[in-house]
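The values are calculated or read from the model by the stated rules, or taken from the named source; none is laboratory data. What you are looking at is a predicted structure, and each value in this text was computed from that prediction instead of being measured. Neighbour counts are summed over all protein chains in view; Cβ atoms, including those assigned to glycine, are modelled from backbone coordinates with ideal geometry. The accessibility values were calculated without ligands, DNA or RNA, using every heavy atom of the protein model including side chains. Shrake-Rupley method; radii C 1.70, N 1.55, O 1.52, S 1.80 Å.
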Amino acid sequence: GQRQVLPGGGPASTEGINMAAAPRTVLISGCSSGIGLELAVQLARDPRQRYQVVATMRDLGKKEALEAAAGEALGQTLTVAQLDVCSDESVAQCLSCIQGGEVDVLVNNAGMGAVGPVEGLSIAAMQNIFDTNFFGAVRLVKAVLPGMKRRRQGHIVVVSSVMGLQGVMFNDVYAASKFALEGFFESLAIQLLQFNIFISLVEPGPVVTEFEGKLLAQVSTAEFPDTDPDTLRYFRDFYLPASRELFRSVGQSPQDVAQVIVKIIGKARPPLRRQTNARYSPLTLLKAVDPSGVLYVRTTHSLLFRWPRLLNLGLRCLACGCLPTRVGPR
Ligand SMILES: NC(=O)C1=CN([C@@H]2O[C@H](COP(=O)(O)OP(=O)(O)OC[C@H]3O[C@@H](n4cnc5c(N)ncnc54)[C@H](OP(=O)(O)O)[C@@H]3O)[C@@H](O)[C@H]2O)C=CC1
Ligand SMILES: CC1=C(/C=C/C(C)=C/C=C/C(C)=C/C=O)C(C)(C)CCC1
């Protein structure tokens, strides 16, 4: 099919990414705020104009922030489109508007958090988290994969989470949705190597976006009708303060996370997994070094319930600036 053409540039080719003079079409979900918005803008402003960005969001009423941040790139290397990852029709409609329907790089970024005791979450609410975080990504992949396979070229980036690698108390369903992504895309990665298509799971720790505020707003109105008082106390008096301190101390900016993703997209051989926050990695190491899981579960349990002062001290130490904010360049 017809490929898109850069303003003032030559016609696109279908050659390998490093040789191609033509921009690659990048489709990103969830660009109304946070990581998606930052990534769309950084790619669209690529000094080498390597990308034609289709920045999508489910509610175009929220497009002002993105348009303002895009500046001169708007209408040039960045276009805004409607896309609800929970709707088949919306996905089909969005792809039909992309020239040739060809997506070279898909970034599955749209997602939502869910926090609190499982007793307080209905099965319908849990299914809604999975429909967005897991099936949303799967739905988009099913739509772009046939084209990528035909062209023997493509890159699928998934914004997973450190909670795709390890569970965190009171984040049971959210972590499960991210674990689901990790299993699905690791499996797919093996087959897709046959087609020269790469998968990258990006695993940020806490990022300072609307994500945390949306969660806290949910928590403040939730009533937790079927939850026993001990569990509620552990959630409110132990978990919530620790989580707040974690975001405050080691929270990354969405710009930093976007920068890591831009680098990955620029690679000829992108990695399957990439954590973005060096300050959080001591916590992911606890699981990595002990496959039995005992070290991770016991240590985080103790940090929260037995040594909360040590946890706070540790977090303040991590925040002091003597460590790099990102996992170093690779
Ligand atoms: N912030 C954090 O601490 C971390 C976040 N992540 C992941 O990063 C990704 C981006 O989150 P972040 O930028 O932090 O948070 P934001 O809340 O700022 O952004 C989330 C984006 O996803 C969109 N979205 C939600 N549901 C749908 C849907 N059905 N269809 C299309 N878009 C949808 C939101 O749109 P709308 O405005 O309409 O709700 C919004 O644009 C998520 O996958 C999240 O799980 C991973 C690790 C840590
Ligand atoms: C309470 C607590 C923890 C909390 C971790 C959190 C809250 C991580 C949040 C990650 C996010 C927000 C990822 C988004 O996808 C630790 C540090 C594991 C251990 C000690 C107790």
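Those residues that are part of a strand (DSSP E or B) and open to solvent by less than 30 Å² (accessible area, probe 1.4 Å), I need them from the range 259-275; list them, please.
Taking the range 259-275 first, the residues part of a strand (DSSP E or B) are 273-275.
Result: R274, single match.
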Checklist entry - With (1) farther than 30 Å from S292 by Cα; (2) polar (S, T, N, Q); (3) within 15 Å of ligand 1 (Cβ to nearest atom) as the list, and S122 as the residue in question, which single condition is left unmet? => result (3)
Item to check | Residue list for the range 119-137, restricted to those being in a helix (DSSP H, G or I) and more than 16 Å from ligand 2 (Cβ to nearest atom) | outcome: E119, G120, I123, A124, A125, M126, Q127, N128, D131, F135
Checklist entry - Quick one: in the range 247-258, which of the residues that are in a helix (DSSP H, G or I) and touching a strand residue (DSSP E or B) at 6+ places or on another chain (Cβ under 9 Å) is nearest to S122 (Cα to Cα)? => result F247
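Looking at G116, G100, can you tell me which residue is at positive phi and part of a helix (DSSP H, G or I)? Talk me through it step by step, then tell me what you get.
Values: G116 fails: part of a helix (DSSP H, G or I).
Of the residues listed, the single one that is at positive phi and part of a helix (DSSP H, G or I) is G100.
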Next on the checklist: Name the single residue that is farthest from the chain's Cα centre (by Cα) among those in the range 49-59 being within 10 Å of ligand 1 (Cβ to nearest atom) and open to solvent by 70 Å² or more (accessible area, probe 1.4 Å).
Outcome noted: D59
Item to check | Top-ranked residue in the range 186-223 [being under 30 Å from P282 (Cβ atoms) and among the charged types (D, E, K, R); ranked as farthest from ligand 1 (Cβ to nearest atom)] | outcome: E186
Checklist entry - Which of the residues spanning the range 125-134 are more than 10 Å from ligand 1 (Cβ to nearest atom) and open to solvent by 50 Å² or more (accessible area, probe 1.4 Å)? => result Q127, F130
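Does at least one position in the range 224-240 carry a residue that is closer than 22 Å to V260 by Cβ and of a type outside the set (G, A, S)?
At the first step, the residues of the range 224-240 found to be closer than 22 Å to V260 by Cβ are none.
No, the range 224-240 contains no residue that is closer than 22 Å to V260 by Cβ and of a type outside the set (G, A, S).
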Checklist entry - What number of residues within the range 81-97 are open to solvent by 50 Å² or more (accessible area, probe 1.4 Å), touching a helix residue (DSSP H, G or I) at 6+ places or on another chain (Cβ under 8 Å) and part of a loop (DSSP other than H, G, I, E, B)? => result 0
Checklist entry - Within the range 222-238, can one find any residue that is within 17 Å of L311 (Cα to Cα) and of a type in the set (S, T, N, Q)? => result no
Next on the checklist: Quick test of your reading of the structure: R279 fulfils all but one of (1) within 14 Å of ligand 2 (Cβ to nearest atom); (2) at pLDDT 95 or above. Name the failing condition by number.
Outcome noted: (2)
